[in-house]
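For reference, the structure is listed below as structure tokens.
Just so you know, all these numbers are worked out from the coordinates, no wet-lab data involved. All figures in this text were calculated on a predicted structure; none of them were measured in a lab. Heads up, the Cβs are rebuilt from the backbone with ideal geometry, glycines too, and the neighbour counts pull from every protein chain shown.
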Amino acid sequence: METSNTEAVEYLHHLLNKTLRIHTSDSRIFVGTMKCTDRELNIILSLTHEYRQPSPSTIADAAYAQQLSGSTENLKVDMVKRFVGLVVVPGKHIRKIEVEE
Amino acid sequence: MQPDLTRLNLGTGAVQPAMSSIHNGGVTRSSQYVPRQMTVRDITKEFSDASAELQQGQLVKDDFFTLFEAVGALEIMDPKMDSGLLIPDKDAAVDNFDPLQNMLPEEMIGIMDQLLSFEMAWHQGYALSQTLFTSLHMYSLLTPYYRPLNAVLFGRKRTSPENPHPLISSVLRAFCLGIIKSCDAVIQEITSEHYYEEEDFVTQTFTQYMLNDVNNEEVITELHGALVILDAQKLSEDVKHALEQRLLLRVHLLEALEPLSHVEVVDKTDMWKAVLDSLEKVNDTGKLGKARPDLFSERVQRHLASNTPPTPMIKTSWEEAYPRFKRLAEDNIEAHRFASIEDPSPLNVTRFAWDFSNRNPQPSTYSRSVMQGLLFKGQKLLAQTPHLSLLLEDIRSLSMSGDPLLSPSNWEVELPTDHRFLSSRIIDEFMAKALDEYINIPRMILQNRCRMRRTFCQSVSVLDGLQAEAENADAELHSLFPAAAASPLETFYPLAAWAYFHKLRVMEWSLQLGFELDVYQDQEMAYLYRFLGFVAATRAEHLQHIDLYLHLRQRKYRKQGNAVMAEQVASSQASIAFLTANATCIAEFASALASLYALLYSLHLIKHLDDGEVYSTSALRHELRMKPYLPIGTPTLPSSEDMEASTLLSPDATFSAIITTISSRLAAAKTALSAWKSTDAATGNYRGCEKAFKQEVQGVLGSIVATGIVVSLLKKTVEECGFRAVRDVEGREEEVKKKVKVEVVGEKRYSGFWAVPKVVGVTN
């Protein structure tokens with residue numbers, strides 16, 4: 001028990017100040033610097049950007065615009081990105097955690 | 001990047017600890033940019049396993065990250081904190097919004113008026129995210145990225161009509177562009193002066209592109225283009241007229257809001273008058289508009305870069321916004337009126353700033369920034385008179401009038417050993433030290449009322465330090481010219497006298513603003529008015545002290561037959577007489593009010609201090625109220641005991657004596673006020689402020705009269721109860737309370753600075 005706790009702390013410690021990508025249950029992605037975490041998997045990220053899938057209507061509009069221009073390429077719509085600063089992502093909403101290396 | 005470095009390392013064959021510097025400065029500098037290869041690794045399992053191993057309450061955190069900061073973190077998925085949370089049924093309105101969809105021209109009028117109302121709410125201090133940015137039309141024009149003006153368009157959607165209506169694609173677009181550019185101009189003006197972010201105004205643009213690179217003229221051209229297109233539309237005359245007036249209002253606003261320049265002051269009076277004129281016409285046609293609340297949504301905040309929780313959209317209407325809009329224009333016209341005062345004296349400048357700030361309601365942050373700009377841009381008044389000459393003139397007119405030390409020829413002496421060269425150097429050095437704090441005084445006057453009081457309190461000790469510097473400079477000047485110092489009386493310290501005057505005045509202001517802002521409790525009023533009386537009396541004495549020296553100087557010039565210089569000194573003396581009358585009036589009236597409050601206290605008409613309260617001893621209360629003034633050297637402040645003794649009435653004090661004292665103080669205040677009132681504008685340094693001056697005099701006079709009425713009511717009550725001395729009240733408090741009561745400490749005042757208690761007879 002004692003050793004596994006120490007190892008866990010060590011592991012989490014090395015992730016501090018690394019850039020994490022956290023996917024949430026509503027399919028948003030938060031990319032920010034890890035500052036803090038706890039037993040409930042709540043994670044505090046600083047200097048965070050939020051990425052969101054474009055809305056269906058945005059995709060439909062883009063498809064329409066492409067159709068008007070007569071292009072046949074694959075439709076490409078960027079994710080929507082905005083700065084949100086310091087956030088805490090509650091563990092219960094986390095679906096996936098990635099680290100940028 | 002990593003492989004590159006390894007290769008480089010191998011090539012040199014030596015261990016290079018500072019690899020990156022070699023990399024940057026060495027061989028590969030000319031090589032093509034290689035984007036950093038980023039690998040992303042899924043660590044969901046490792047992370048959650050590790051965190052499960054943590055104990056309850058155990059945190060793994062960065063050492064430099066404090067829990068205090070953590071409190072400020074926004075919680076994702078919490079509807080109150082997370083502005084990005086999806087609310088599908090509400091978000092659909094934003095996502096599916098088609099800016100080019102047709103609407104009635106009347107609805108367009110409604111939207112424009114709603115936007116104008118939001119613009120005013122923003123000026124009032126709300127964020128753009130809860131006002132203008134909630135408009136879906138604004139939302140579709142704004143992005144975080146730079147675009148040329150002709151590319152800032154309402155984007156086409158699949159639902160858009162084949163040929164978008166020009167009323168929308170041109171008229172509404174131009175109107176919105178006008179708003180964006182106006183916001184940009186306002187932010188530029190405000191941020192270039194002193195203001196308090198979030199407290200006064202929110203300049204946050206949520207990283208939206210506010211047409212910063214576009215000139216006002218270019219947007220005005222768009223608006224003119226829209227006017228031409230509007231003219232060609234088939235519309236009923238009144239609707240067309242209404243839309244036209246709204247576009248014209250935007251044109252006039254853009255002209256008027258053009259930020260002030262450092263080099264030249266443009267008189268904007270006429271531009272603001274044009275705004276007023278347009279506003280009236282917009283107001284007249286407002287009833288034509290039809291509201292479209294569905295085209296505004298606070299859900300746009302989901303798209304704004306922001307580290308704040310979602311904020312509700314403000315509810316506001318044109319009825320609320322119209323008077324504010326008018327005030328904005330009127331306040332700006334008033335600010336520009338400053339330029340009409342020819343060659344204003346330094347005290348006149350301060351006076352104008354006070355009158356501007358005293359306008360009721362207080363001018364908006366933008367208007368106060370414009371006023372600041374006119375006074376301070378480029379460290380010059382109206383971009384003409386350098387602040388340094390203003391300071392020199394202030395010192396001269398107050399305490400050094402006719403002093404040979406200030407003779408301009410002294411500044412032309414080039415011989416370093418000449419005393420005149422040295423004296424001008426000493427004065428220059430002092431002025432360099434004094435300039436910042438001196439100019440800060442009018443700057444403080446143009447802040448919001450609470451900040452004014454706070455910064456005045458902070459300024460007291462700074463000015464005290466300056467007074468000490470001034471004394472050193474004065475002593476150096478004395479040592480240069482020992483002959484001049486050998487006057488029959490004690491030596492005069494003109495620079496210190498100047499600093500002392502300003503310090504006392506700032507002290508008075510800080511106290512009077514305390515009364516205006518209802519900082520003090522009823523029981524403390526006697527105490528603080530007593531202290532105000534003390535400070536004002538000190539200032540009156542100090543001014544008389546200066547006058548004495550000026551008088552001696554004037555006599556000397558008369559004897560020498562130098563009528564020009566004698567006149568100059570005499571005019572300073574007249575100004576000082578005016579200031580003395582002002583200080584005397586404040587001192588007498590404050591003392592009268594202090595006694596009146598003490599009387600009310602002794603009659604138990606004001607709630608008594610709780611003696612059982614451990615943390616409210618008189619010494620602690622004294623320390624709290626005197627805190628800003630305790631560090632200063634002069635005047636010696638009255639001790640807690642002195643103040644107590646002069647505030648609390650002794651049991652033996654007779655009511656007739658107290659009432660006689662108050663009445664004579666009030667009479668003395670009135671006499672001083674009439675001397676103050678009868679001074680002409682040039683001598684009293686209130687040129688261009690005649691109206692406000694008259695109002696001020698009337699306010700003080702009204703307060704004195706109201707105090708007199710309260711005193712006579714109390715006199716009657718005391719007589720009816722048959723009280724002779726204060727001790728008679730003991731045990732008979734209820735009798736008094738049956739006859740009179742104190743309603744409030746002056747809700748509606750004749751003058752904000754004078755909190756006259758409102759006492760009324762009890763009718764059974």
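Some observations on this one:
- Fraction of alpha-carbon pairs over 47 Å apart in chain B - percent: 43 percent
- Checking every one of the GluC sites (Glu not before Pro) in the range B:681-747 against DSSP loop status and a limit of 13 other Cβ atoms within 10 Å picks out B:E730, B:E743, B:E747.
- Inter-site label distance for B:T39 and B:D267 at 7 Å from Cα along Cβ, in nm: 7.4 nm
- Most mobile of A:T24, A:T33, A:T58 in a GNM of chain A (Cα contacts under 10 Å): A:T58
- Between the exposed loop cleavage positions of chain B, defined as chymotrypsin sites (Phe, Trp or Tyr not before Pro) in a non-H, G, I, E, B DSSP state with at most 13 neighbouring beta-carbon atoms within 10 angstrom, the longest gap is B:197-614.
- With Cα atoms, 0 to 90° folded angle of helix A:56-69 axis to chain A main axis: 40 degrees
- Take each residue of peptide A:89-99, count the partner chain Cβ atoms within 10 Å of its Cβ, and average: the result is 5.
- In sequence order, the range B:413-428 has phi-based couplings of 5, 10, 6, x, 8, 5, 5, 5, 4, 5, 5, 5, 5, 4, 5, 4 Hz under the Karplus curve 6.51 cos²θ - 1.76 cosθ + 1.60, θ = phi - 60°, and Gly or Pro positions carry x.
- Considering only B:T316, B:H165, B:L86, the residue lying farthest towards the positive end of the dipole of chain B is B:T316, judged by Cα position with unit charges set on Cβ.
- Translational diffusion coefficient of the range B:32-81 (Stokes-Einstein, Kirkwood radius from Cα pairs, 25 °C, 0.890 mPa s): 165 µm²/s.
- The range B:571-716 - Rg over Rh from alpha carbon coordinates, Kirkwood radius: 1.04
- Normalised convex hull volume, the range B:102-189, alpha-carbon set, Å³ per residue: 105 Å³
- For the protein assembly as shown, the spread of Cα coordinates along the three principal axes comes to 100, 81, 81 Å, biggest extent given first.
- One chain, two ends: B:Q101 and B:D518. Fully extended at 0.36 nm per residue, the span grows by 144.8 nm beyond their Cα-Cα distance.
- Radius 12 Å from Cβ of B:D403, net charge of other residues (Lys, Arg +1; Asp, Glu -1): +2
- For the range B:426-557, diffusion coefficient by Stokes-Einstein and Kirkwood Rh (Cα), 4 °C, 1.567 mPa s, µm²/s: 79 µm²/s
- Using alpha-carbon coordinates, inclination of helix B:525-560 to the longest axis of chain B, degrees: 70 degrees
- Here the range B:88-340 is assigned +1 on the Cβ of each Lys and Arg and -1 on the Cβ of each Asp and Glu. Its dipole about the Cα centre then comes out at about 860 debye.
- Dipole size of the protein assembly as shown about its Cα centre, with +1 on Lys/Arg Cβ and -1 on Asp/Glu Cβ: approximately 1180 debye, rounded to the nearest 20.
- In a reduced charge model with +1 at each Lys and Arg Cβ and -1 at each Asp and Glu Cβ, chain B shows a dipole moment near 1140 debye about its Cα centre.
- Dividing the summed helix terms, -39500 (n - 2.57) for each DSSP H run of n ≥ 4, by the number of residues in the protein assembly as shown produces a 222 nm estimate of -18000 deg cm²/dmol to the nearest 500.
- Value of Rg to Rh for the range B:379-421, rounded to two decimals, is 1.08; Kirkwood radius and Rg both from alpha-carbon coordinates.
- Rg over Rh, two decimals, chain A (C-alpha only, Kirkwood Rh): 1.17
- Using the Cβ-Cβ distance between B:D238 and B:D294 with R0 set to 41 Å, the FRET efficiency works out to roughly 0.95.
- Helix B:387-399 vs. chain B, principal-axis angle (Cα, 0 to 90°, nearest 10): 10 degrees
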